[in-house]
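Student: The structure's right below; bear with me while I get my questions together.
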Amino acid sequence: MSGAGLPQQIDSDAPVFVISVAAQLAGMHPQTLRTYDRMGLVVPRRLAKRGRRYSARDIARLRLVQRLSQDEGINLEGIRRILSMQDELDGLRRQLEDMAALLAAVHQAPAGSRVFTADGTGGVHLGGAGVRRPRGVLALPARER
């Protein structure tokens with residue numbers, strides 16, 4: 001059997017596990033997962049008429065919650081705050097990576113080229129001839145009015 005139809009990389013955010021499988025993988029009872037969902041600790045995706053679906057990233061987060069609770073003795077409110085700060089830190093890291101990509105594009109641009117362009121809504125994009133654009137990077141979003 002060949003792996004021709006298999007993806008080269010598994011998406012850790014793909015919602016594939018039903019609650020019973022996710023609970024088993026995380027070593028928890030399904031009701032615990034429902035409680036964590038209500039509290040906002042681990043919020044799975046919901047598919048139309050198919051219930052909760054957990055990703056591999058959700059399973060890892062469930063295991064982290066369990067370790068913090070059982071091994072470290074942190075209460076659920078403390079865990080919620082830790083996870084919130086971790087999410088914020090991850091977002092800041094992504095922003096830093098985007099800014100580093102923008103800076104690299106500016107440094108690689110030929111002298112005198114247009115590096116940024118503005119759209120009609122005020123959003124700023126990488127632009128101009130000779131500027132390599134990092135995928136999915138918006139220099140500055142439009143201001144909200």
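A short reminder: the numbers here are calculations on the coordinates, not readings from a lab. Since this is a predicted model, take the numbers as computed values, not measurements. All Cβ positions, even for glycine, are placed from backbone atoms using ideal geometry, and neighbour counts span all protein chains on display.
Student: Using a basic spin-label model with each label point 7 Å from the Cα along Cα→Cβ, how many nm lie between ILE10 and ILE82?
Tutor: It works out to 2.5 nm between the two label points.
Student: Can you tell me the order of 73-80, 22-29 when each peptide is scored by its average per-residue count of other Cβ atoms within 10 angstrom, highest first?
Tutor: Working: 73-80: 13.2, 22-29: 17.2.
Taking the mean over residues of other Cβ atoms within 10 Å, the ranking is 22-29, 73-80.
Student: Students often check this: by mean Cβ neighbours within 10 Å, which of 86-94, 100-108 ranks highest, and how do the rest follow? Numbers along the way, then the final one.
Tutor: Numbers: 86-94: 10.3, 100-108: 13.4.
Top of the packing list down: 100-108, 86-94.
Student: For GLN108 and SER20, compute 0.36 nm times the residue count separating them, minus their Cα-Cα distance, and round to one decimal in nm.
Tutor: Working: separation 88, 0.36 × 88 = 31.68 nm, distance 5.07 nm.
Taking GLN108 through SER20 to full extension adds about 26.6 nm, to one decimal.
Student: Per 5 Å bin, what percent of the C-alpha pairs of segment 19-109 does each bin hold, from zero upward?
Tutor: Percent of pairs per bin, in order: 3, 13, 19, 19, 14, 10, 8, 6, 5, 3, 1, 0.
Student: At a Förster distance of 22 Å, what's the computed FRET efficiency of LEU92 paired with ARG57, Cβ-Cβ distance as r, to 0.05?
Tutor: Values: r = 18 Å, r/R0 = 0.82.
Efficiency, from the Cβ-Cβ distance: 0.75.
Student: So what's the net charge close to ILE59: Lys and Arg +1, Asp and Glu -1, counting the other residues with Cβ under 12 Å from its Cβ?
Tutor: Values: positive: ARG53, ARG57, ARG61, ARG63; negative: ASP13, ASP58.
Overall, the nearby charge balance is +2.
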